[in-house]
Amino acid sequence: MSVIGIDTSNYTTSIACLGPEGGDNCSRLLPVKQGELGLRQSDAVFAHIKSLPELSGRLFSHIKLTDVTAVGVSTRPRAVEGSYMPCFMVGYSHAKLLSDFLHVPLIEVSHQQGHVAASLWSAGRMELMDQPHLAWHLSGGTTELLLVEPDGRNVKCTRIGGTTDISAGQLIDRTGQLLGLPFPSGKHLDSLSAEASATDVFKVKCAGMEFSLSGVQNKVQQFHEKNGKPAETAGYALRCVSQAVLSATENALKEYPGLSVVFSGGVASNSMLRRWMEPLNPVFSEPRYSTDNAMGVAVLTQRLGEDSDGK
């Protein structure tokens, strides 16, 4: 038996199927014009409306819908009061239609909960779904350090740290814009940084588990004006982000000793960040499941669907 998960974030359209033999995620980045830093919500909604039928057709071509026991969807960015983005309504409308047609339960979760579940599933650490742990949600719009605790078959994510202004993803994308790279710029900066030879870094001050990255943006611009080499600028920006995240994580582990640290979100696919975090024995997923995807929604749908069946 299988479940379907749908996620329509502000960056990616995705739909996934999870069954006894594994999962399959079909996704597509939303189109952004060269030089721009994202989409208006109205444009994101339209892009999802165009992409989702094609992606679902690709997924449904090799699965039996009669085997589907539940349909899940992310309906908001985070599971907190007031969290809302119109783009998630596209996924909800498709999921509701599909669940009604198939006469199966509709499971609603948050985009953030899906990120955590996708990372744990991909890393083979699903036991952490039932244990308290720390998790970073590092993406284009979010840089939050979370205390994750079991909430039935779902997880409860409580923010305990992160940025006080721009996100790590925003800093990376603004650096990409400075270098004339496509949006989102994460993988392009990652590739460029492999050619960097410098090791200098602007050390971001952490107030406990929180820090500011807006000043780093100015430092990156100043560094680029002096250096002028795209690879070195890319490396400098990513080192600054990595250092800030490492310091905040070390401070968190002093307050929450012994907890595992999980990394989720598109920025968590960055190879430099992964190297910097190695001393902490972190939990990283496959890069394709760090970025926005529906597999985490499907994982939660499977778990929550089991509860709805009374199993």
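The values are calculated or read from the model by the stated rules, or taken from the named source; none is laboratory data. If you're wondering where the values come from, they're calculated on a predicted model, not measured in any experiment. Cβ: placed from backbone, ideal geometry, glycine included. Neighbour counts: every protein chain shown. Surface accessibility is based on the protein's heavy atoms, side chains included, excluding ligands, DNA and RNA. Shrake-Rupley method; radii C 1.70, N 1.55, O 1.52, S 1.80 Å.
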- Task: Working from Cα positions, state the angle (0 to 90°, nearest 10) between the long axis of helix 88-102 and the longest principal axis of the chain.
- Result: 20
- Message: Quick check for you: with a 1.4 Å probe and neighbouring chains kept, what is the accessible area per residue of the chain, in Å²?
- Response: 44
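Using 0.36 nm per residue, how much length does the chain from Q41 to R58 gain when fully extended, once their Cα-Cα distance is taken away?
3.6 nm
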- Message: Please report the antiparallel percentage of DSSP beta bridges with both residues in the chain, rounded to the nearest 5.
- Response: 60
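Tell me the mean residue ellipticity at 222 nm calculated for the chain from its helices only (DSSP H runs of n ≥ 4, each -39500 (n - 2.57), averaged over every residue, nearest 500). If you can, show how the numbers build up before the last one.
Numbers: 10 runs with 132 residues, N = 311.
Calculated at 222 nm, the ellipticity per residue is -13500 deg cm²/dmol.
Give me the net charge of A294's neighbourhood, meaning all other residues with Cβ under 14 Å from the Cβ of A294; Lys, Arg count +1, Asp, Glu -1.
Net charge around A294: -1.
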- Among (1) 77, 45, 37; (2) 62, 45, 35; (3) 67, 41, 35, the entry that matches Cα extents along the principal axes in Å as calculated here: (2)
- Just grab the label-to-label distance for E255 and A207, each label 7 Å out from Cα along the Cβ direction, in nm (one decimal). 1.3
- Item | Which listed pairs, of K156/K205; K64/K187; K33/K254; K33/K219, have C-alpha distances above 32 Å, in listed order | K64/K187; K33/K254
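With a ≥ b ≥ c taken as the square roots of the eigenvalues of the C-alpha gyration tensor of region 23-98, please select rounded if a/c is under 1.5 and otherwise prolate if a/b is larger than b/c or oblate if it is not? Intermediate results must be reported in sequence, preceding the final value.
Values: a/c = 2.44, a/b = 1.37, b/c = 1.78.
Oblate.
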- Message: Could you report the accessible area of D130 in Å², rounded to 10, computed with a 1.4 Å probe on the protein chains as they sit in the structure?
- Response: 80
- Carbon and sulfur atoms account, in whole percent of the 1.4 Å probe accessible area of region 93-169, for 52
- Taking a ≥ b ≥ c as the square roots of the Cα gyration tensor eigenvalues, with a/c under 1.5 meaning rounded and otherwise prolate when a/b beats b/c or oblate if not, region 187-301 comes out oblate
- Query: When the chain is treated as a GNM, springs tying every alpha-carbon pair under 10 Å, which of H62, H133, H224 comes out with the largest mean-square fluctuation?
  - Reply: H62
- Distance in nm between label sites at N218 and K96, each 7 Å beyond Cα in the beta-carbon direction? 4.7
- Message: Leaving out ligands, DNA and RNA, and with a 1.4 Å probe, what % of the accessible surface on region 249-311 is carbon or sulfur?
- Response: 47
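Evaluate E = 1/(1 + (r/R0)^6) for K156 and E195, where r is the Cβ-Cβ distance and R0 equals 30 Å; express this FRET efficiency to the nearest 0.05.
Values: r = 42 Å, r/R0 = 1.39.
It comes to 0.10.
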- Query: Can you give the convex hull volume of the alpha carbon atoms of region 68-110 per residue, in Å³?
  - Reply: 58
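Sort region 70-166 into rounded, prolate or oblate with this rule: let a ≥ b ≥ c be the square roots of the eigenvalues of the Cα gyration tensor; rounded if a/c is under 1.5, and if a/c is not under 1.5, prolate when a/b is larger than b/c, oblate otherwise. Walk me through the numbers before you get to the answer.
Values: a/c = 2.31, a/b = 1.38, b/c = 1.68.
Oblate, since a/c reaches 1.5 and b/c is not below a/b.
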